[in-house]
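Below is one structure, written out as structure tokens; the observations come after it.
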Amino acid sequence: MARRERRKFSDEYKAEVVALVRSSGKSIGEISRDLDLTETAVREWVQRAEVDGGKRIGLSTAEREELSRLRRQVRLLEEERSILKKAATFFAKETR
């Protein structure tokens, strides 16, 4: 089975597919085949829409973005702290 090149879809397109799943009465598998999408991707889009809509427990899209941003910020602050510790040690040795 040949690998398909990774495709990117807009949020609007994903919302349209989720609306189609909810309104058509067809299974996720049928809709995925009709639209030439992977079933896993469509299932994930539907689940994420349910979380964002409050119908399912989990992190909403906004919360996921905030968590990613905060993790990047923590990583940066830890790097800065490490550099400052090394600098403080260097200057403490130099003053003796």
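The rows are residues; the columns are (1) among the charged types (D, E, K, R); (2) over 14 Å from residue 15 (Cα atoms); (3) modelled with pLDDT of 90 or more.
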residue: 30; (1), (2), (3): yes, yes, yes
residue: 41; (1), (2), (3): no, no, yes
residue: 46; (1), (2), (3): no, no, yes
residue: 49; (1), (2), (3): no, no, yes
residue: 53; (1), (2), (3): no, no, no
residue: 79; (1), (2), (3): yes, yes, yes
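The set of residues from the range 1-45 being hydroxyl-bearing (Ser, Thr, Tyr) and under 17 Å from residue 55 (Cβ atoms) comprises just one member, 23.
The values are calculated or read from the model by the stated rules, or taken from the named source; none is laboratory data. As the structure is a prediction and not an experimental result, all values here were calculated from the model. So basically every Cβ, Gly included, is an ideal-geometry build from the backbone, and we count neighbours across all protein chains shown.
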